[in-house]
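Trainee: Attaching a single structure in C-alpha cells format; questions to follow.
The values are calculated or read from the model by the stated rules, or taken from the named source; none is laboratory data. Everything quoted here is computed from the prediction, not taken from an experiment. Note that we place each Cβ from the backbone using ideal geometry, even for glycine, and neighbour counts take in every protein chain shown.
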Protein chains: 4
Amino acid sequence: MQVGIVGGSGYIAGQLLRMLAFHKDIEIKIVSSKSHAGEKLSRVHPDLLNILDLRFSDMNPVDLASRVDLVFLALPHGTSINYVPDIYEIGTKIIDMSADFRLKDPDLYREWYGFEHNYPDLLEKFVYGMPEFHRNEIKNSRYVSVPGCIASSTIYSVAPFSMLNLDNNIVTVDAKVGSSGSGSGTDSSKNYSERYNSVRAYKPVHHRHTPEIEQEIKYISGKNIKIAMSAHSVNMVRGILTTSNIFIDLDEPDALSQLREFYKNEKFIRLIFDRKSNFRYPDPKTVIGTNFADLSVISDGYIKRIVSIGAIDNMIKGAAGNAIQSMNIMNHFDESEGLLIPAAFPV
Amino acid sequence: MQVGIVGGSGYIAGQLLRMLAFHKDIEIKIVSSKSHAGEKLSRVHPDLLNILDLRFSDMNPVDLASRVDLVFLALPHGTSINYVPDIYEIGTKIIDMSADFRLKDPDLYREWYGFEHNYPDLLEKFVYGMPEFHRNEIKNSRYVSVPGCIASSTIYSVAPFSMLNLDNNIVTVDAKVGSSGSGSGTDSSKNYSERYNSVRAYKPVHHRHTPEIEQEIKYISGKNIKIAMSAHSVNMVRGILTTSNIFIDLDEPDALSQLREFYKNEKFIRLIFDRKSNFRYPDPKTVIGTNFADLSVISDGYIKRIVSIGAIDNMIKGAAGNAIQSMNIMNHFDESEGLLIPAAFPV
Amino acid sequence: MQVGIVGGSGYIAGQLLRMLAFHKDIEIKIVSSKSHAGEKLSRVHPDLLNILDLRFSDMNPVDLASRVDLVFLALPHGTSINYVPDIYEIGTKIIDMSADFRLKDPDLYREWYGFEHNYPDLLEKFVYGMPEFHRNEIKNSRYVSVPGCIASSTIYSVAPFSMLNLDNNIVTVDAKVGSSGSGSGTDSSKNYSERYNSVRAYKPVHHRHTPEIEQEIKYISGKNIKIAMSAHSVNMVRGILTTSNIFIDLDEPDALSQLREFYKNEKFIRLIFDRKSNFRYPDPKTVIGTNFADLSVISDGYIKRIVSIGAIDNMIKGAAGNAIQSMNIMNHFDESEGLLIPAAFPV
Amino acid sequence: MQVGIVGGSGYIAGQLLRMLAFHKDIEIKIVSSKSHAGEKLSRVHPDLLNILDLRFSDMNPVDLASRVDLVFLALPHGTSINYVPDIYEIGTKIIDMSADFRLKDPDLYREWYGFEHNYPDLLEKFVYGMPEFHRNEIKNSRYVSVPGCIASSTIYSVAPFSMLNLDNNIVTVDAKVGSSGSGSGTDSSKNYSERYNSVRAYKPVHHRHTPEIEQEIKYISGKNIKIAMSAHSVNMVRGILTTSNIFIDLDEPDALSQLREFYKNEKFIRLIFDRKSNFRYPDPKTVIGTNFADLSVISDGYIKRIVSIGAIDNMIKGAAGNAIQSMNIMNHFDESEGLLIPAAFPV
C-alpha cells in the first residue's frame, strides 16, 4: 500500500517514518514539509540516512492525498481540519494525528481548542484510534483520529476501573511527559539549558486531553467521570508516566485481577506485577522504542484509593504506534506488523 | 560555636558540611563515619577538598557529642533514637536529621516506621524544625528534629489553604524527587544505567512522610486532613516538586493572595507568579543550591480545585537548610547566616 | 537454529536477547545466570516481559553449550577462557563477547589483562568478529570473538586512513562512553547520584582495547601505529563517540572520499557529510538502538591533521550487533537479519 | 563600588549577577538588555527573584558606563569593540567578557574572528584576566579581558608542563563542554530534544580559543606550542573537561610534583590526586557552582606522554569567577571575596 505523510518534519512524523520504513506492506511515496521542502529527510531525521532516501516535498496536502492510498496528517491542531473535507471527497484513507477529529461533540472544540468545528458530520466518520476499544469500528472505517499521548496513558490506566463503584466521580491524574511531546520548535523554554534537569508543571489545569479522556471513559463505562489532570514536563525526551488516584475500596489482588481481565487478549498492553524487579511499577524507561503500554495498580489501605499507573513511549503507543496499529487493522494487515521492535533498554 | 556531625559520609551530611564550612559562627570540630573512618572528608565529598581538611573519626556518637556544643545526627531512621537519650543527659544541643523525633504521637512510629518508640517524653522535647511555623519554640529549645524533604515541600504548599473550607478532607500529593533523597547506597536500583531517564513511582502509597505532614497541617489549621501521596523518582539528583490537589472553589487571585499573606514575612519562601517566564510555576531547577522554597497556586475553573505547587532543593530547604536555619534561631545567630548562597542556575 | 546464552543477566546479554528474540532464524533455548538462576528474564531485562518468557538457568556453560547449535558467551574477561576449551571439544559454535580470544599474540594477555593465556592454538581458531574486515574468515569459521566497544568505533574511524603516509605513527583517540559499557554492577562509582552529570576520565592511559586496535590496524594497513587513547565516561547510558587525531596533510574532500571508498559496500557503515544538519558530525544519539557505525572526517588547515570521528551504540555495533552480524555470516543467513531496527531517535 | 552590566540577559551575565549580589563591596546599579528592557531580571534569571529586584534597562552601553565605577561587558564577540573606545575615554573601569581584547596581535582577529581589529593600542591596555599568571598587571590596570572558557581549562592544564622538553610542539586537546557555553539562543540545535543525550563534536578543528591558548603558553614558557583542539558538547549544562596529550617522557610522581609546585600558592587551583575516590581525576561535577579549577596529570608508560586533565565550571572559573577575581585584585578587595561558595555537589 502506498502512503503519504503531510507535515513530515515533526517528531511524530519522524516516528511514523522510521516505523513505516520497515513495515513490509507499506511503500512511503511522498513526505511533505513546508519548512523543509527540497531537503533530504535525513537532514531533520538523521537516523533515516541510508534507510529512506527521500526528500521533503512541498506538495499541497490534498494533491498529496490524491496520489496515495492512505495519508497520515501530522499537522498542528486546527490545521488538519482545513484539508480533511477535501481529502474526504477524494476517498483516500486518512489517519489524522491531530486532535481535530477526536471529539464527538463539536461544542467541545470551542471550549477546549478555541475554534469552531464546522464539520460535525465528519466527526462521526472518524474512529478514535485506540485499537483496544475500537477494533471493530477501525476495521470498518477509512478514517482514524489518533488519540493524544497523555490521553492514551490515562485512558489505559483508568478505563479498567471506571465501571466500578467509585467513591466520587473525580479521578486525579498526574502526568509526567518527555520533551518530544512538545515538538521540535525553538521557543526559549525549549532551549536545552532552560529545560535540562527541570521538572515543571506546564499545564497544571485545563489540559486539552481532558475531554477526550472523559469521552472515552464514558464510552467504556457509561459514566461521567471528571478528570483532574496536571501535566508536567520532566527531564527526558521520550515517554509518559501517568499516576491516577481512583477513590474506591479495592484491595490489591482484586485490582490487579481487574486489570488483567480487562486486557487479557491485548498484545500491546502489559501488566507489571513483579515487585522484586527494579522496575516493579510501570516506567517509560522499559517501553522506549516499543508499542507497549505498561500498566499496574496499587491499593492503599490508609486512604481508600487505588493508584493506577501507566507508562508508554509517547511517540509510539501515544502516537505513531497506535496510528500504525490502526492502519494495520483498517487494511487487514497483521495487527502487529511493523510494531514488534526490540526496546532500547537501558537508554 | 563548635559542632560535630555524626554519620558524616551521607549526602545530607555532605550538604551540612559544605554550608557550615562557610558559616561565620561555626567551627566544625568532629565528623564521624563508621564506614569511612580515617579517610579524608574529600574522599566522599570531593567538593570539600582544600575547604575542610578533616578526616572522618570513628568516635562513638555520645563521646562525640560530649566534645561539642551542638551535634547534628545524620543517621538512618531508627538509629538516632539509640543515641539521643544519652546525649540528652550530657546537655549538648541536638539537631536530628532523621525521623526519630518528628512525630508527637509515639504510636505512629509503630504504624509507619515499624518500631516501638520508647521515649515519648523526649518526643516532647524536640521541636519540628520548620522555622516558618515553629520559630519561637526553636528559639527556646535545644532539640530540633528536621522535617522530611517531601514533607517540607508538601507542608509549605498545603498549609496556607488548610484552614479554608475544603470540599473534602483529602489532599492528593504527587511528589517528584531527585536521587540524592535516597542516598549514596549501592543497591542495583541506584545503578546509573538503571535509573537514568527513569520516571518511577517508588512509594505510590503509604509514604512515611504522611503522618508528619498530617501532624503539621493539624497544628496549623486544627483540621484532620488526609494526605494521599504518591512519591516518584525522576531523572535528576537534587530537587523535589510537589503538586497538590486541594478541592475548593477559590479563584486564582484569591488563592495567590492567600499564599502571599500567609508567608509575607518569610525570607526563604518565594511566591512564583510571573506567568511570562519560562519558569512560570515552581521548578526545583531555580532553587538548586539555595534555601528557598518556591511556591505557587493555580485555580481550575473546570473542576473546583486549586493546584498548589512547591519546589525545593531536597538537600537544603528539605534538610540541611532548615537544619542550619533552626540552628541559627536556636543560637540567636542571624537567621540567614550561611544560607544566602548564589544558586547554581542553570544547571 | 537453537542458541544459548551464558551470563545472561548483563547488559550485553540483554541486548543479544532482545535482538535475537525477533530474529527469524533463531530459537533462544537456554539462558544461564549464576546470580539470577530461577528468575524470569524480565526481572532484570524488563523490556522482555511478554516477549521472551524464559527463566534463567543455572546450567554449567559446557552443559548448556552441548544442547544448542551456537553459544554466546557473555562472561567477564578471563572467564570465557575457562570454558572455551571444553566447548571446543563438543563442537558447538561459539561467539565470545569477552576479550579472551581477541588478541592473536598470547603475550599481550599478560601485559594488558594480567593473565597467562594458555591456549595459543585456540586463539588461532577465533576470528575477530568485525564483519567489514573479516567477512570471509567468519563465513568459514565456527568461532568468533566479538570486538570491544571502544575498539570498534576506533578501528572503524582510523583504519581507512592507516595505509596513508602519516606524519607520525601515533594516533590520539579520545573516547566518550555511556554507562552501559561498565555493566550493571553496584560499586559506589556507579551510583546514579555520583555519576549523573559527570564527565570523567576513567582510563586516561593504558586502556585494554589498545592492543586489539593496534592489531587490527596492522592487519589492515601492515603498519605499526600506536594508539594513545583516553577513555571517558559521559552522562548517558548508551553510545560511544571516538575522536581521533591523525597527523597527515589531507584536505577534507580527499579525506571524505577516502572514507567513502573504503566502506563503499558496507551496509552498516554510514558516512555523515550533511554539514547543515543539527547532526553534522557523528553523534551516538542518531544510532541508538541500531547496528550502524556513523563516521565522518574533518581536515584542519591550521595544524596538519585530520580529525576522524565515529559514533556507535556501544551495545549494538559495539557488541551484540557485530555478534549477530557475525552469526548471520557464519550461518549463511541474510547478513542483515535481525539488524534492521528503527532507531529510537530522539531519545 | 558601583557596577553596571551590559548585555545582562545572557547566562554569563546571570552568573555575574548572582555572584555580585552577595559580594560585600559591590552595588549593582544598572543592568542593561536590549531584548528584555523593562522586564524584571527574574524573568530570565529566575533564581534572582527576591534577591535582586531590578529591571533591565535599555540604556546605551556608554551612558551606562558613565554612571558606574566599573562596567562588565557581556556582549557577543565583535560587539564590545564598538563601545570600548568610547568607554575608555570616560575612564570607567572595564571588564570585558568577550574575546575582543584577549589577543595581543591584532592580525589574529582577522584570521580567527573574521573582523579587522582597529584598536591595537587598546589591545595593549587590556590585561588577560587570568589571575594566576597576570596578578600584578591586573593590580595595576583598569581594563581586563576575561579568558575564554575552554581556553581557561586548557591553559591551566598545559601551562605547567609547557617549559619542559616536549617531544614535539603539538599538544592535542579534547574539550567537553556543557550547553551553557553556547548561550540561551533558540536555534534548533539547542532544542532540548535535539541535544539531550547527545555527544557531538561542534568545533572539531579551528576553535577560536586556539590563539589565546597559544599566546598564553608562549607568555608563560616562551615557546611556540601548537594546540590541536577538538571541542565537543556533552549532555550537561555547566562544566568543561579538557584532556590534553603532551608528548614527553615524565613519570607520574614528577608530573604531579610539577603541577603542585607550579600552583603552590593558588587558592582556586586544586590538585586532584586521591586515586581511591570516585572522583579520582578532575570532573566538572565536583566544581559546579565554585571558582575552582581542578587539575591532575597521568603518565603513560606505554606511549611516552602525559595526560593533563582540567575541570572547571565554565560559567565561573571559565568566565564570571575569573572576572570577579580580577575585579577584586584590580580594586584591592580581598581576592576571594564573593568567590567562596558551597558547591552544588552532587547535582
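Trainee: Could you figure out which of (1) more than 9 Å from every other protein chain (Cβ to nearest Cβ); (2) acidic (D, E); (3) within 17 Å of the chain's Cα centre (by Cα) isn't true of A:E337?
Mentor: Result: A:E337 passes all but (3).
Trainee: Can you give me the number of residues within the stretch C:4-45 that are part of a strand (DSSP E or B) and within 22 Å of A:L271 (Cα to Cα)?
Mentor: Result for the stretch C:4-45: 1.
Trainee: Among the residues of the stretch C:250-271, write down those that are assigned to a loop (DSSP other than H, G, I, E, B) and within 22 Å of C:S152 (Cβ to Cβ).
Mentor: Matches in the stretch C:250-271: C:Y263, C:K264, C:N265, C:E266, C:K267, C:F268.
Trainee: Run A:K203 past the list (1) more than 30 Å from B:R195 (Cα to Cα); (2) basic (K, R); (3) free of Cβ contacts under 8 Å to residues at least 60 places away in the same chain and report the number of the one that doesn't hold.
Mentor: If we test A:K203 against (1) more than 30 Å from B:R195 (Cα to Cα); (2) basic (K, R); (3) free of Cβ contacts under 8 Å to residues at least 60 places away in the same chain, just (1) comes out false.
Trainee: Looking only at residues in the stretch D:250-288 that are within 14 Å of chain B (Cβ to nearest Cβ) and of a type in the set (F, W, Y), which one is farthest from B:G14 (Cα to Cα)?
Mentor: Per the criteria, the residue is D:Y263.
Trainee: Could you please give the count of residues in the stretch D:169-189 that are within 24 Å of C:I272 (Cα to Cα) and either free of Cβ contacts under 8 Å to residues at least 60 places away in the same chain or more than 10 Å from chain C (Cβ to nearest Cβ) (or both)?
Mentor: So the answer is 5.
Trainee: While we're here: Determine whether the stretch A:204-220 contains at least one residue that is surrounded by fewer than 24 Cβ atoms within 10 Å (Cβ to Cβ), of a type in the set (A, V, I, L, M) and at the interface with chain B (Cβ under 8 Å from one of its Cβ atoms).
Mentor: Yes: one or more hits.
Trainee: Is it the case, given these coordinates, that B:V287 is more than 30 Å from B:I28 (Cβ to Cβ), of a type in the set (A, V, I, L, M) and outside the structural domain of B:I94 (by TED's automatic domain parsing)?
Mentor: Considered against the rule, which asks whether it is more than 30 Å from B:I28 (Cβ to Cβ), of a type in the set (A, V, I, L, M) and outside the structural domain of B:I94 (by TED's automatic domain parsing), B:V287 comes out as no.
Trainee: Kindly provide the set of residues from the stretch D:94-137 that are in a helix (DSSP H, G or I) and of a type in the set (K, R), ordered by number.
Mentor: Hits for the stretch D:94-137 are D:R110, D:K125, D:R135.
Trainee: Test B:Y192 against the stated conditions and say whether it is more than 8 Å from chain A (Cβ to nearest Cβ), among the aromatic types (F, W, Y), buried (at least 23 other Cβ atoms within 10 Å of the Cβ) and in contact (Cβ under 8 Å) with a residue 60 or more places away in the chain.
Mentor: no
Trainee: Residues A:Y113, A:Y128: which one is touching a Pro at 6+ places or on another chain (Cβ under 7 Å), aromatic (F, W, Y) and either over 30 Å from D:S182 (Cα atoms) or more than 14 Å from every other protein chain (Cβ to nearest Cβ) (or both)?
Mentor: A:Y128
Trainee: Out of C:S141, C:S157, report the one residue that is out of contact with any Asp or Glu (no Cβ under 6 Å at 6 or more places or on another chain), in contact (Cβ under 8 Å) with a residue 40 or more places away in the chain and either under 28 Å from A:S198 (Cα atoms) or assigned to a helix (DSSP H, G or I) (or both).
Mentor: C:S157
Trainee: Hey, any hits in the stretch B:297-309 for a residue that's under 25 Å from B:V347 (Cα atoms) and within 17 Å of the chain's Cα centre (by Cα)?
Mentor: Yes, that holds for at least one residue.
Trainee: If a residue must be of a type in the set (D, E, K, R) and under 22 Å from D:L20 (Cα atoms), how many such residues does the stretch D:59-101 contain?
Mentor: Within the stretch D:59-101, residues that are of a type in the set (D, E, K, R) and under 22 Å from D:L20 (Cα atoms) number 5.
Trainee: Also: Residues D:D58, D:D100, D:D86: which one is surrounded by 16 or more Cβ atoms within 10 Å (Cβ to Cβ), among the acidic types (D, E) and touching a residue at least 12 places away in the same chain (Cβ under 8 Å)?
Mentor: D:D100
Trainee: May I ask you to list the residues in the stretch D:213-249 that are in contact (Cβ under 8 Å) with a residue 60 or more places away in the chain, part of a loop (DSSP other than H, G, I, E, B) and over 17 Å from the mean Cα position of the chain (by Cα)?
Mentor: If the condition is that a residue be in contact (Cβ under 8 Å) with a residue 60 or more places away in the chain, part of a loop (DSSP other than H, G, I, E, B) and over 17 Å from the mean Cα position of the chain (by Cα), then D:K223, D:I225, D:F247, D:I248, D:D249 are the ones that fit.
Trainee: For the stretch A:162-183, how many residues meet the condition of being closer than 22 Å to B:S308 by Cα, among the aliphatic types (A, V, I, L, M) and not in a strand (DSSP E or B)?
Mentor: Within the stretch A:162-183, residues that are closer than 22 Å to B:S308 by Cα, among the aliphatic types (A, V, I, L, M) and not in a strand (DSSP E or B) number 0.
Trainee: Would a scan of the stretch A:125-132 turn up a residue that is closer than 21 Å to A:F262 by Cα and of a type in the set (D, E, K, R)?
Mentor: Yes: the stretch A:125-132 contains one or more residues that are closer than 21 Å to A:F262 by Cα and of a type in the set (D, E, K, R).
Trainee: Are any residues in the stretch C:297-331 within 14 Å of chain D (Cβ to nearest Cβ), in a loop (DSSP other than H, G, I, E, B) and not polar (S, T, N, Q), and if so, which ones?
Mentor: The answer is C:G301, C:Y302, C:I303, C:K304, C:D313.
Trainee: Residue under question is D:D53, and the condition is that it be assigned to a helix (DSSP H, G or I) and either without any contact (Cβ under 8 Å) to a residue 40 or more places away in the chain or surrounded by fewer than 20 Cβ atoms within 10 Å (Cβ to Cβ) (or both); does it hold?
Mentor: Against the criterion (assigned to a helix (DSSP H, G or I) and either without any contact (Cβ under 8 Å) to a residue 40 or more places away in the chain or surrounded by fewer than 20 Cβ atoms within 10 Å (Cβ to Cβ) (or both)), D:D53 does not qualify.
Trainee: I've got another one for you. Any residue at all in the stretch D:170-177 that is out of contact with any strand residue (DSSP E or B) (no Cβ under 8 Å at 6 or more places or on another chain) and among the small types (G, A, S)?
Mentor: no
Trainee: From the set of residues in the stretch B:51-70 that are of a type outside the set (A, V, I, L, M) and touching a helix residue (DSSP H, G or I) at 6+ places or on another chain (Cβ under 8 Å), which is nearest to B:S180 (Cα to Cα)?
Mentor: That would be B:F56.
Trainee: Any idea which of (1) in a loop (DSSP other than H, G, I, E, B); (2) of a type in the set (S, T, Y); (3) over 27 Å from C:R238 (Cβ atoms) is the one D:S198 doesn't satisfy?
Mentor: That leaves (3) as the condition not met.
Trainee: Can you tell which of D:D294, D:D274 is assigned by TED's automatic domain parsing to the domain that holds D:N224 and either assigned to a loop (DSSP other than H, G, I, E, B) or among the aromatic types (F, W, Y) (or both)?
Mentor: The unique qualifying residue is D:D274.
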